[in-house]
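Below: one structure, written as structure tokens.
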Amino acid sequence: MTADALAVAGAVPDPEIPAVTLADLGIVRGLRPRADGGTDVALTPTYTGCPATLAIELMVRRALDDAGLRAVGIRTELSPPWTTDWITAEGHAKLHAYGIAPPGKAETATCPHCGSTDTAEVSRFGSTPCKALWQCRACAEPFDRFKCH
Amino acid sequence: MATDDLRPARMVQAMRLGDDSLILGQRLSAWCGHAPTLEIDLALANIALDLVGQATLLLGYAGELEGAGRNADRLAFHRDVRDFRNCLLVEQPNGDFARTIARQFLFSAWQLPLFQALARSPDPRMAEIAAKAVKEVGYHVEFAGDWVVRLGDGTEDSRRRMAEGLAWCWRTTGELFAADGMQRTLATAGEAPDPAPIRAAWDARVDAVLSDAGLDRPAGTDAVRGGRDGLHGEHLGHLLAEMQVLPRTHPDATW
């Protein structure tokens, strides 16, 4: 049953970027035993002030309840701090297909629209705390890039 | 010293740092929809969000240490001005964009080395909060530093405004590095960094950015202080009135 809880929580879509799941983003950290013998799902926030944190908790709660896992609790873990390295390979592919350049160490991002690497950062801060605003010089389209964090 | 003996000092530290983040986050939020360009609007709103997130964690921890049943919301919305422990720098009015950038740069250049040090604190809660926040503070100081250079190295008007903004904020910066009884208690236990190396890191960054911007270090005093003891300027009361009016008018309301 507890393995189910991990799968149920991990399958919840991210409220800001519904193309990826919480498991893809590495937000679901695992199952933790409680002192009373029960189990908690451990979640970690991406950015400290991410307004989606509460929405994510509510969505996981509802998903667990709908799966008949009312006894499973939810806890927030800050440490170790979330990093974009925890986004899975599948998550990277889904982000790209959705039109968001996945995080990478490269100086330039690959344009999710035309695939060119002739791109430049427009603004370090974008539409959500986790994304920067970029533009492609080849097709001139603006796009979001997940910030390395 | 036993952990229980450190509790009051830990509580004061968490409250001071939480109030810094809360008040600066509230100040920056006032730019939303008013910034010079859309990109800056997004940047300031994002930084405000990070700071309010820090405040939620730090004030939540302060409330736990206090043990009187006050959570982060209670501390943010139901304290009077004399009970706030933020530094005077963060409560300075936004002024023009240059003054807001000066305030942000001088603050973030202090918060970065401070949080880097606190991330190694033997107090596990403070360490994990600082380790989480420090990644974002790196962005803040780069953003603000870039703008100090662009405005300082820009037009005659932008240069004059940047210099004026720095001079205005400079008066309160000495307070960031002042040590008092609480800080010495925590420093002795290795839970608060010695202000001297924080000051050295701050000086180095400030000097490097001002040099790139072609600006001089402000010459006036940096000794205006009082925020850590609850002695604030008149501006903080106005900020709190706006921030607190709803929860104070409807204290029993729930979402």
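Only the coordinates and a few stated rules stand behind these numbers; no lab work does. Just so it is clear, the structure is predicted and the values come from calculations on it, not from any experiment. Ideal geometry is used to build each Cβ from the backbone, glycine not excepted, and the neighbour counts take in all protein chains shown.
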| said: For the structure I just gave you, tell me whether residue A:76 is touching an Asp or Glu at 6+ places or on another chain (Cβ under 6 Å) and hydroxyl-bearing (Ser, Thr, Tyr). | reply: no
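Can you tell which of B:59, B:28 is in contact (Cβ under 8 Å) with a residue 60 or more places away in the chain, crowded, with 19+ Cβ neighbours inside 10 Å and not in a loop (DSSP other than H, G, I, E, B)? Lay out the reasoning, then the answer.
On the way: B:59 fails: in contact (Cβ under 8 Å) with a residue 60 or more places away in the chain.
Exactly one residue qualifies, and that residue is B:28.
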Across (1) β-branched (Val, Ile, Thr); (2) buried (at least 20 other Cβ atoms within 10 Å of the Cβ); (3) more than 14 Å from residue A:81 (Cβ to Cβ), residue A:48 clears everything bar (3)
Notebook entry, point to check: Within region A:119-134, can one find any residue that is away from chain B (no Cβ under 14 Å), of a type in the set (Gly, Ala, Ser) and more than 17 Å from the chain's Cα centre (by Cα)?
Noted result: no
A careful count of residues in region B:67-93 that are buried (at least 19 other Cβ atoms within 10 Å of the Cβ) and under 18 Å from residue B:125 (Cα atoms) gives 1
Matching residues in region A:114-137 (in contact with a His (Cβ under 9 Å, 6 or more places away or on another chain) and more than 16 Å from residue A:16 (Cβ to Cβ)) number 1
Exception for residue B:45 within (1) within 14 Å of chain A (Cβ to nearest Cβ); (2) surrounded by 20 or more Cβ atoms within 10 Å (Cβ to Cβ) falls at (2)
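Taking the condition loosely packed, with under 12 Cβ neighbours inside 10 Å and either charged (D, E, K, R) or farther than 22 Å from residue B:86 by Cβ (or both), does residue B:249 pass?
Numbers: loosely packed, with under 12 Cβ neighbours inside 10 Å: yes; either charged (D, E, K, R) or farther than 22 Å from residue B:86 by Cβ (or both): yes.
For residue B:249, the condition - loosely packed, with under 12 Cβ neighbours inside 10 Å and either charged (D, E, K, R) or farther than 22 Å from residue B:86 by Cβ (or both) - is met.
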Conditions (1) touching a Phe, Trp or Tyr at 6+ places or on another chain (Cβ under 8 Å); (2) touching a residue at least 40 places away in the same chain (Cβ under 8 Å) -> residue B:212 fails only (1)
- Message: Here is a check on your reading of the model: is residue B:7 basic (Lys, Arg), touching a residue at least 12 places away in the same chain (Cβ under 8 Å), surrounded by fewer than 20 Cβ atoms within 10 Å (Cβ to Cβ) and part of a helix (DSSP H, G or I)?
- Response: yes
Heads up, the strands (runs of 3 or more DSSP E) in region A:1-113 (entirely inside) with at least 1 residues that are among the acidic types (Asp, Glu) and away from chain B (no Cβ under 14 Å) are A:39-43
Checklist entry - Has region B:197-204 got any residue that is touching a residue at least 24 places away in the same chain (Cβ under 8 Å) and either part of a loop (DSSP other than H, G, I, E, B) or farther than 21 Å from residue B:101 by Cβ (or both)? => result yes
